[in-house]
1. Go through the residues of the stretch A:291-307 one by one and say whether even a single one is outside any helix (DSSP H, G or I), within 14 Å of A:THR87 (Cα to Cα) and either within 13 Å of another protein chain (Cβ to nearest Cβ) or without any contact (Cβ under 8 Å) to a residue 12 or more places away in the chain (or both).
2. Examine the stretch C:188-197 for a residue that is assigned to a helix (DSSP H, G or I) and either aliphatic (A, V, I, L, M) or surrounded by fewer than 16 Cβ atoms within 10 Å (Cβ to Cβ) (or both), and state whether such a residue exists.
3. Looking at (1) free of Cβ contacts under 8 Å to residues at least 12 places away in the same chain; (2) under 12 Å from C:ARG451 (Cβ atoms), can you tell me which one C:ALA382 breaks?
4. When the stretch C:9-27 is examined, which residues are found to be of a type outside the set (S, T, N, Q) and either at positive phi or crowded, with 16+ Cβ neighbours inside 10 Å (or both)?
5. Quick check on my filter: what residues within the stretch C:391-435 are more than 12 Å from chain A (Cβ to nearest Cβ), assigned to a helix (DSSP H, G or I), in contact with a strand residue (DSSP E or B) (Cβ under 9 Å, 6 or more places away or on another chain) and over 23 Å from C:GLY15 (Cβ atoms)?
6. Of all residues in the stretch C:320-339, how many are touching a residue at least 24 places away in the same chain (Cβ under 8 Å) and more than 9 Å from chain A (Cβ to nearest Cβ)?
7. Can you tell me which condition C:ARG368 does not meet? The list is (1) closer than 25 Å to C:THR445 by Cβ; (2) more than 9 Å from chain A (Cβ to nearest Cβ), and all the others hold.
8. Could you go through the stretch B:60-70 and let me know if any residue there is over 30 Å from B:VAL152 (Cα atoms) and within 14 Å of chain A (Cβ to nearest Cβ).
Amino acid sequence: MTTPPANPAAALPEPLSVAGGVKLPWHRARTSLIGFALPLGGLLVAFGIGAIMLAASGANPLVAYQALFKGAFGSRNNIIETLVKSTPILFVALGVTFAFRCSVWNIGSEGQLHIGAVGATLAGLAMKSLTPNLPPILAIPIMILGGFLFGGLYASFAGVLKVKWEVNEVITTIMMNFVAILFVQYLTFGPLRDPAANGLPMSAYILEAAQLARLVARSRLHLGVVLAVVAAVLVYIVLWKTTLGYQIRAVGANPRAAKHAGINVPRSVFVAMVISGGLAGLAGMSEVAGLHYRLLDSFSPGYGQAGTVVALLGNLHPIAIIPAALLFGGLITGADTMARTVQVSTTIITVIQGIMVLFVLGSQFLVDKLEG
Amino acid sequence: MTIWEILPQLFQGTVFIGLLAATVRMATPLLIAGLGQIFAQSSGVLDLSVEGLMLVGAFFGFVGAFYTGNLWAGVLSGMIAAAVVSLLMAFLTVTLRASQMIVGVMLVIMLAGLITFFNKLIFGTGYIPPSTEGFQPLHFPVLSDLPFVGPVLFQQNLLVYIAFLLAPVVAVIMYRTTFGLQIRAVGEYPRAADSVGINVFKTQYFAILIGGLFAGLGGAFLTLGWTGLYTDIISAGRGWLAIALVFFGKWNPYRLAMGAILFGFVNALQLRMQVMAGQQVAYQIMSMLPYLLCIIVLTMVSRKAGGPANLCIAYKRE
Amino acid sequence: MAAFLRMENIGKRFGQLQANDQITFEAEAGEIHALLGENGAGKTTLMNILYGLYQPDSGGIYLRGEKVKIRSPQDSIRHGVGMVHQHFMLVPPFTVVQNVVLGLRSSRGPFLDTDRAAARIRELANQYGLKVDPEAFVWQLSVGAQQRVEILKALYRGAQLLVLDEPTAVLTPQETKEFFLTLRAMAERGHTVIFITHKMEEVMEISDRCTVLRDGKVVGTVKTGETTDTELARMMVGREVVFRVEKKPAKPGEVVLDVRELSVAGERGLLAVRGLSLQVRAGEILGLAGVDGNGQTELAEAIIGLRRPVAGRISIAGHDMTGATPRQVIEQKVTHIPEDRMTMGLVPTFSVQENLILDSYDQAPYSRRPLGNGKSGWFLNARAILDHARQAITDYNIKAPGPEARTKMLSGGNLQKLVLARAMYHAPRLLVAVQPTRGLDVGATEFIWNRLLAEREAGRAILLISADLDEVLQLSDRIAVLFEGEIMGTLPVQGIDVVELGLLMAGAKRLPA
């Protein structure tokens, strides 16, 4: 496919004013309102349909949603758990944003985060044997680099195929998801398996200095969440304040005009893919270095998928994605509580997610119409 | 045992016959779903929700058969359920002109959750999944007893035969009927089709619906024609493979069938190796084969381009 | 006996433009009638009304003496009207037969009856002397053959009246000769043939009568045998050239753009530009006059680096830029105003200020080093971009809510001013302006004309490529006429003979180089 399809990024609200302090004219305020009202509306519709499904399962929707909320934000531990789950989702969503803004349909975040985890693990294990006395100030950046590079490299294969041979990146990246998951399985059952793990599929612990610090003592909250927010800010800066980001957005919005203006379109596409994979790789790194300190089989309960959905809900804007990721982290965390309380499957959450996105997608044309 | 020791064993005697028979079986869902997608893609719509549609077909096919005791009722319910979802896909992409890529992927995500939800709702959370008797292998008077060819070709169940018979049927429809000509015109040059009075939107709706029906049938096969039960991972990427196979077959039903058989073989091979390898760890690498093959196959085809010129572009009447 | 076709008092308005103004037009059975006029004269609009693609605001259509209501192409086909458009409506991977029967009911129910259709096609082909192989694939066919297929499509559906829009625009001279034989055959069999053209040669060679349109009105209908091409040229183009803009005398400097023997391939593999040479000097506007489709697009693309020439040389300020990338050409301080501002020139979802820097975002002052030392770098200089936008909005009188407004909110005229501002702001050496006032109202047009002249004053070299003859006459210092990929002649605008210009544009005359 050489021609990009209709771009969901086409009807987005403008980012925050470039020079600051400039009065928003009436029509722009209206556009922004619609841009944020739609996902909210979608949320309401989705929760409404969820309520119907809950009722069909014999559960009281109000009780269920209450349990959901409490499970997500009701106690200090619950909030921490929500933050922990939101972290990899945020990383992935940032990566997806980067790619989608360039009209590159990277659906391979799940695979890229797995390979990023592998990269971080290898870095952590290598440092353990080669440089055991490395201080954290050096070890952690190396972990970050490992995760980013491996994720980016993995994505670059799909990028090359797209740029050189016009191979559809949706299918290649999805196929690579399966391969990556199997690969991690292979590693944790095989070459990387820790002999001290009693036959369980996990690697040895990485270097202690390479482990991300815990933010709250004796809890699961780790530095990763800070890194993710920093990454969000960085992605915002890159996309709207740098020449690279400008190129990427131009190519994503109108590749023909970009070409006429002298922008190197294939190169922008490739870079977008690689950075996107790198960010997803950081999600994997964050789980390895911050949470488990080792590589585990099946460490991701579908963060790649969730991150993709979050990116679309956040309308591909890095700052809007932060609350969206939090919302999702909360949904996943609270789902367990809800499931226990009202005896209903946690998959209702996935349905709610999906409905929200479809709503956002379907209503894009409404926004276009209203904008004239 | 290493791979190199297992491999030769697979090509001997009865094991090999079993392998080939399995190949035909495993090619079937890919073939069915792929044939349906030939319609959708030829009309210019890249329907990426096939994976989800097959899940829907698998689940509702199972449910239908389980509760009515009638296998054909099951097949029908699977097909209809998938067709309904396709209608949604058609509405979003043809009428509202939303991004075909994203709608397809999101539908898969949503459907996966939805089906799991319905599964728990209807069948509860027991450890042993409910099962039903699926289609039994047929027996032809002389043919089934032939050595070698018998078990491979003539002891399959009815759905398998339907699938392989559908290939020439689809070929006839696409290449010898006015409907097929219309679909292909819409996918190639919708403006030209519009100019001779063809309703582009209606044609695309139909094509997508047919794709849905077929995907539903392919999904129903997974439960009713093969395993007899429904599990969450029953489709394991087959929907995506089917889409890739359409490219690989260059939108031609016969080449698609060849591709389906190729992938069916790789699938069957890899499963058997897993069984024989037992605790051997390397089986994950084998499991990667179908997916890697898919990427390689897509690259080979894309280099020569080709295919409906208007694929994935939403049509707008100027 | 009533004329076969009579279109009476047809009026059609598109927004501010009166495309057809009380047009009364007749065509007889068995005649070949040419519809002659410049771009924008209203010829295609009139025929599109006949074919049912547009509805007239006023007037009526009479076929065989009876009033008919034509609401869609289906209606007109039913009444025996067929149309062959400039862009063929053929599906390339299909065979001729498949294209002809597309959309028609088959005699075998759901199944195609291509054998029967092929036989009928052969029959028609023989009757009309149209050499076509029904089993051939359309992509294999030459353009002339494809046109024959389009004609067969119409005949197959029983067309008695055939309208052809610029039919020879894409044909070789040999194909044109064959095409004319076909038209003769059809006329002899009683069909009515109307063809839209801007080429005088053809009008004189093949038509029986000719109706000339100008500015949406009929200028006159003449019998071809009783007129000369000079008279037709005068009817087509003749006007007092009144200068509506203030134009100081030209002071051309050194050569900025030097094109030598340039040949560029077009869409169908044929040469769109053939051994063309031209020069543009600093401080002058060279207007390239010619009807759309004579190689303008390909020439512009070759100059700005989007299309590789197959032969010849392009130099910009002495540097060889043949086959350069768009980036390299931009670095030579060449800017351009593209043909289609929305698809080629602007990013609709970007803000005004973002669009203004589309070709200069990575140059100082719009890009900067993190610590800012005046040189270009990785970061965007928000302040500079905003200031630039504010300045441009004021200077070019762009009506926009502000520098941050989404570009797609702007009206056509303001969008074009935006493109212009971008193209002219940084003192380019060479400006390639393609159809700079297409689709704009008089006010916006006049504004842009004045800006272009101001740039000319300031010493830029401007290559103006436009199908609007008025525009070319108003702005240019010299006019080069482009016809079928070649320059037919270059004339100074001072004291220009418009009739001679018309003849050059229609390919009827060639001046020595």
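The values are calculated or read from the model by the stated rules, or taken from the named source; none is laboratory data. As the structure is a computational prediction, the values presented were derived from the model and not from experiment. Note that we place each Cβ from the backbone using ideal geometry, even for glycine, and neighbour counts take in every protein chain shown.
1. yes
2. At the first step, the residues of the stretch C:188-197 found to be assigned to a helix (DSSP H, G or I) are C:188.
From what's left, either aliphatic (A, V, I, L, M) or surrounded by fewer than 16 Cβ atoms within 10 Å (Cβ to Cβ) (or both): C:188.
Yes - at least one qualifying residue is present in the stretch C:188-197.
3. (2)
4. Our first condition is that a residue be of a type outside the set (S, T, N, Q); within the stretch C:9-27, this holds for C:10-15, C:17, C:19, C:21, C:23, C:25-27.
Listed by number, the residues that qualify are C:ILE10, C:GLY11, C:LYS12, C:GLY15, C:ALA19, C:ASP21, C:ILE23, C:PHE25, C:GLU26, C:ALA27.
5. Result: C:MET424, single match.
6. In the first step, residues of the stretch C:320-339 are kept if they are touching a residue at least 24 places away in the same chain (Cβ under 8 Å); the result is C:329-330, C:332-339.
Right, trim to more than 9 Å from chain A (Cβ to nearest Cβ) and you get C:332-335, C:337, C:339.
Qualifying residue count for the region: 6.
7. Status for C:ARG368: all satisfied but (1).
8. So in the stretch B:60-70, the residues over 30 Å from B:VAL152 (Cα atoms) come out as B:67-68.
Remaining after also requiring within 14 Å of chain A (Cβ to nearest Cβ): none.
Checking the stretch B:60-70: not a single residue is over 30 Å from B:VAL152 (Cα atoms) and within 14 Å of chain A (Cβ to nearest Cβ).
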